[in-house]
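The values are calculated or read from the model by the stated rules, or taken from the named source; none is laboratory data. Being a predicted model, the structure only gives us computed values, none of them experimental. Cβ coordinates were reconstructed from backbone atoms using ideal geometry, including for glycine residues, and neighbour counts include every protein chain displayed. Remember, those area values only see protein heavy atoms, side chains included, never the ligands or the DNA or RNA. Shrake-Rupley method; radii C 1.70, N 1.55, O 1.52, S 1.80 Å.
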Amino acid sequence: MKREAGLATSADPDEDLLRRVACGEPAAIQAMVARKLPRVMSLASRMLGDPVEAEDVAQEAMLRVWKQAGRWKPGQARFDTWLHRVSLNLCYDRLRRRKEVLTDTLPERADDGPAPDRGLLAMETGLRVQSALMRLPERQREAIILCHYQDMGNIEAAKALNISVEALESLLSRGRRSLRTTLADMAPRGRTSGRS
């Protein structure tokens, strides 16, 4: 708890909004969705590599927020940490149910940007990075996504994953090393890293 002008305030910036969601305030529910849905969508998209499944996960996560808001106990964990953990668990449920094998064949897609060669290159790079992320072991992928795509600090990401900061840093190190190796192998011809 912090003190501001003689009043006690929570260290969790979502606590008041969550309390209002629990009371069923429509404006609070809309504000919560506006505040959290983009990050949950981004997390799920990176974890699943499928925008339709990511949308389903994000909707389920928001539904759980609404259902659990009245039972939230301030001070145990930050709400954002809990929401990321719920979202990750929903992603893993979907990944476990998948029976399809990831393919290296990239889908064809028209680019409507002003510079098609740059747009296609950027899209190809994004697909390569997503493919490399999907090949990482689950825990390394979680760590990379939380720290690099969700902009969480190491302490907050470690809490979301329920591991120590040292364990998180180890996952990040191994994940980054694996991504460098995988993406170096997929670099366009004519470009070299200059390292041996």
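The listed residues are A167, A143, A157, and the only one of them that is assigned to a helix (DSSP H, G or I), of a type in the set (A, V, I, L, M) and over 13 Å from the mean Cα position of the chain (by Cα) turns out to be A167. Counting only residues that are touching a Leu at 6+ places or on another chain (Cβ under 6 Å) and either open to solvent by 30 Å² or more (accessible area, probe 1.4 Å) or of a type in the set (D, E, K, R) (or both), the range 48-74 holds 2 of them.
Tell me which residues, restricted to the range 48-95, are assigned to a loop (DSSP other than H, G, I, E, B), within 17 Å of Y149 (Cα to Cα) and free of Cβ contacts under 8 Å to residues at least 24 places away in the same chain.
Just the residues of the range 48-95 that are assigned to a loop (DSSP other than H, G, I, E, B), to begin with: 49-50, 72-78.
Now restrict to residues that are within 17 Å of Y149 (Cα to Cα): 49-50.
Hit for the range 48-95 is D50, nothing else.
If a residue has to be surrounded by fewer than 22 Cβ atoms within 10 Å (Cβ to Cβ) and over 8 Å from the mean Cα position of the chain (by Cα) to count, how many in the range 32-47 make the cut? Steps first, answer last, please.
First, pick out the residues of the range 32-47 that are surrounded by fewer than 22 Cβ atoms within 10 Å (Cβ to Cβ): 33-39, 41-42, 45.
If we keep only those that are over 8 Å from the mean Cα position of the chain (by Cα) too, we end up with 33-38.
Qualifying residue count for the region: 6.
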